[in-house]
Amino acid sequence: MLPFLYRSLATVTLVFCVALPACADSYLSRLLNKPVPGGVAVVDLGPAAQAPKATWQGKPVLVVKDQDARWLAIVGIPLSIKPGSPQQVSSSGRNLPFVVGNKKYPEQRITLKNQRQVNPNPDDLKRIEQELDVQVRAYRTFSPVTPSNLLLDKPVDGPLSSKFGVRRFFNGEERNPHAGLDFAVPAGTPIKSPAAGKVILIGNYFFNGNTVFVDHGQGFISMFCHMSKIDVKVGDAVPRGGVVGRVGSTGRATGPHMHWNVSLNDARVDPAIFINAFQP
Ligand SMILES: [Zn+2]
């Protein structure tokens, strides 16, 4: 039975690699390669003496060294992408294809007492637009630092509450899907940085409340929000495990919880991938 199983697995791997020449078969790839909307594509850039640069859709992407001196592009795929559309990473004059599969995300209905958080007034809308602008600029940061770790630590110890990608209806009206992962933990719980990084933005925002952005390097960025207290300032270097603030319920939140976004090349992706909790 066993030799047959091994042969089958070898055939399957071979078929996939022939069909997708850019696929990588390594520890990192097996853990992180979830090429679906809101997921991650790990693309093999091959061996090179120095780190090659790579772009996708005109934006620089994270490149890390894998085993055997090969380099991998770790590409964030936005929720808005059309499944099945052919994609390619550009690197050193080559175009390396990958395919985005499908993923169905569940729906959630949320009741908010504050109707202004569902249909903000014109002044709120002006504020929301400005806040969105500074946050998107933070997500587009691309610093030449290699992340300390790609497999991230959980920022808090606690059960997951709302998953990434959930389509949300507030008081019956559909709004943006859930761009992060929620943990059910009490107010005041310290939030620890899941990798080393630098604080690039803090603020108090209409939807996100008290918010901290930590740049882990090369467009790999964590955002924590709804905090009761912020313990860092812009420019601070944060070690892996360093406390950035405390859990709260500021902004559009129905109660205390920790909301965590992970972004790669300005695409919000499922943080569960990086803590080995991804469910297809
Ligand atoms: Zn959330």
- Note on the structure: Among LEU62, LEU112, LEU31, the residue with the largest mean-square fluctuation in a Gaussian network model of the chain built from Cα contacts under 10 Å is LEU112
- Give the shape of the stretch 127-280 as rounded, prolate or oblate, defined through the alpha-carbon gyration tensor: a ≥ b ≥ c are the square roots of its eigenvalues, a/c under 1.5 means rounded, and otherwise the shape is prolate if a/b is larger than b/c and oblate if not. rounded
- Exposure-ranked with fewest Cβ neighbours within 10 Å first, MET223, MET258 stand as MET223, MET258
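Are there trypsin sites (Lys or Arg not before Pro) in the stretch 224-280 that DSSP puts in a loop and that have at most 11 other Cβ atoms within 10 Å, and which ones? Walk me through the numbers before you get to the answer.
Details: sites: LYS229, LYS233, ARG240, ARG246, ARG252, ARG268; in loops: LYS233, ARG240, ARG252.
Hits after loop and neighbour filter: LYS233.
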- Cβ-based exposure ranking for VAL134, VAL156, VAL214, in which fewest neighbours within 10 Å come first: VAL134, VAL156, VAL214
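Could you please rank VAL262, VAL118, VAL234, VAL185, placing first whichever residue has the fewest other Cβ atoms within 10 Å of its Cβ?
Working: VAL262 26, VAL118 16, VAL234 13, VAL185 19.
Fewest-to-most ranking of VAL262, VAL118, VAL234, VAL185: VAL234, VAL118, VAL185, VAL262.
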- Query: In degrees from 0 to 90, rounded to the nearest 10, what is the angle of the helix 122-139 Cα long axis to the longest principal axis of the chain?
  - Reply: 30 degrees
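Relative to the compact-globule scaling 2.2 N^0.38 Å, provide the ratio for the alpha-carbon radius of gyration of the stretch 110-172.
On the way: Rg = 17.1 Å, N = 63, 2.2 N^0.38 = 10.6 Å.
Scaled against compact globular proteins, the figure is 1.61.
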- Message: Charges on Cβ only, +1 for Lys and Arg, -1 for Asp and Glu, centred on the Cα centroid of the chain; of VAL63, SER90, HIS178, which one is farthest towards the dipole's positive end?
- Response: HIS178
- Note on the structure: The equivalent-ellipsoid semi-axes of the chain, taken as the square roots of five times the Cα gyration tensor eigenvalues and listed largest first in whole Å, are 34, 21, 18
- Calculated [θ] (222 nm, deg cm²/dmol) that DSSP helices of n ≥ 4 give over the chain, each run adding -39,500 (n - 2.57): -5000 deg cm²/dmol
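From the cross-link list LYS34/LYS59; LYS104/LYS198; LYS65/LYS104, which pairs have alpha carbons spaced over 29 Å apart? Walk me through the intermediate numbers first.
Working: LYS34/LYS59 20 Å; LYS104/LYS198 34 Å; LYS65/LYS104 32 Å.
Cα-Cα > 29 Å for LYS104/LYS198; LYS65/LYS104; rest within.
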- Note on the structure: For the pair ASP133 and LYS104, the simple spin-label estimate (label points 7 Å beyond Cα toward Cβ) gives in nm 4.1 nm
- Within straight-line cross-link reach of LYS82, aspartates and glutamates at Cα separation under 20 Å, skipping those fewer than 8 residues along the same chain: GLU107, GLU174, ASP266, ASP270
- Per-pair calculated FRET efficiency, R0 = 51 Å: LYS113 and ALA51 via Cβ, rounded to 0.05: 0.50
- Dipole of the stretch 176-268 (Lys/Arg Cβ +1, Asp/Glu Cβ -1, origin at the Cα centre): which of PHE213, ASN265, GLY188 lies farthest to the positive side? GLY188
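Size of the dipole of the chain about the Cα centre, Lys and Arg at +1 and Asp and Glu at -1 on the beta carbon, nothing else charged, in debye to 20?
200 debye
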- Rounded to the nearest 10 degrees, the helix 2-19 long axis (Cα) sits at an angle to the longest Cα principal axis of the chain of 80 degrees
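Values in this text are rule-based calculations from the coordinates and carry no lab data. Treat the numbers as computed from the prediction; the structure is a model and nothing was measured. Ideal geometry is used to build each Cβ from the backbone, glycine not excepted, and the neighbour counts take in all protein chains shown.
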